Amino acid sequence: MRIILLGPPGAGKGTQAALISERHGVPAISTGDIFRANIKNGTELGRKVQDILAGGGYVPDEVTNAIVRDRLLQDDAVNGFLLDGYPRTTGQVEALDEMLADQGTSLDAVLELTADTDEVVARLLKRAQDQGRADDTEDVIRRRLAVYHEETAPLAAVYGERGLLRRVDGMGPVEEVTARVEQALGRGAEPLDPR
């Protein structure tokens with residue numbers, strides 16, 4: 001199973017990615033987690049992206065593409081993966097297409113978790129308190145949501161045109177969202193019409 005999980009920050013992608021990974025035996029690959037680990041460990045990459053992330057921006061495509069390419073070549077991702085937080089731009093879609101073509105594989109589905117903006121802001125502010133994330137102030141959260149809608153949401157249209165997109169309501173208790181995700185991943189799930 002090779003899937004992408006789309007959705008705005010705070011839509012519950014990390015939670016669902018972990019559950020899908022466990023249930024389907026594929027690694028959940030989160031570019032955000034990779035970046036945060038590098039920042040915490042003070043690596044060269046971490047220093048490079050820290051200022052960008054703190055300002056609510058996205059890491060340049062060439063850096064992100066190289067990290068994802070390397071990660072998809074690791075043994076645990078050979079037979080499948082779930083990408084969370086990648087691709088974010090059409091340039092990254094093209095880079096991922098090339099990576100998969102080089103491996104002789106393709107995507108099985110693209111899940112888009114949808115969520116109410118005010119609920120997402122509330123979730124992220126609570127997470128910032130619980131986890132001590134300095135990058136999750138309300139201004140930064142709203143900026144990240146605006147950037148998401150501007151740059152990333154159009155990817156849903158790209159994958160919709162390819163017949164891969166399935167939208168899932170990300171609101172409600174985790175168990176309910178998980179049930180909707182599993183239904184969307186089921187063999188009988190119909191891809192969305194991109195219009």
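Just so it is clear, none of the values below were taken in a lab; they were calculated from the coordinates. Values in this document were obtained by computation on a predicted structure and should not be read as measured data. Please note: Cβ atoms are built from the backbone with ideal geometry, for glycine as well, and neighbour counts cover all protein chains shown.
From the P(r) of the range 52-111, could you give the percentage of C-alpha pairs in the tail past 19 Å?
29 percent
M1 to D139: FRET efficiency via 1/(1 + (r/R0)^6), r the Cβ-Cβ distance, R0 35 Å, to the nearest 0.05?
That pair, M1 with D139, gives E of 0.40.
Treating only the Cβ of Lys, Arg, Asp and Glu as charged (+1, +1, -1, -1), what charge dipole size does the chain show about its Cα centre? Round to the nearest 20 debye.
It comes to approximately 260 debye.
Tell me the relative contact order for the chain as a rounded percent, counting alpha carbon contacts under 8 Å between residues six or more apart.
Normalised by residue count, the contact order of the chain is 30 percent.
Taking 25 Å as R0, compute the FRET efficiency from the Cβ-Cβ separation of S106 and D33 and round it to 0.05.
Working from the Cβ atoms, E equals 0.50.
Averaged over every viewing direction, what's the projected area of the C-alpha convex hull for the chain? Give it in nm², one decimal, please.
Quarter of the Cα hull surface area: 10.7 nm².
Before anything else, pin down the relative contact order of the range 120-185: Cα pairs under 8 Å, at least 6 apart, normalised by residue count, whole percent.
It comes to 17 percent, rounded to a whole number.
Give me the mean projected area, in nm² to one decimal, of the convex hull enclosing the Cα positions of the range 81-195.
Value for the range 81-195: 8.4 nm².
Using only the Cα atoms of the range 25-76, each taken as one equal point scatterer with no solvent, compute I(q) by the Debye sum, divide by I(0), and report log10 of the ratio at q = 0.13, 0.18, 0.21 Å⁻¹.
So the normalised log intensities are -0.32, -0.59, -0.77.
Estimate the FRET efficiency between L73 and T15 by the formula 1/(1 + (r/R0)^6), using the beta-carbon distance for r and 25 Å for R0, to the nearest 0.05.
Working from the Cβ atoms, E equals 0.40.
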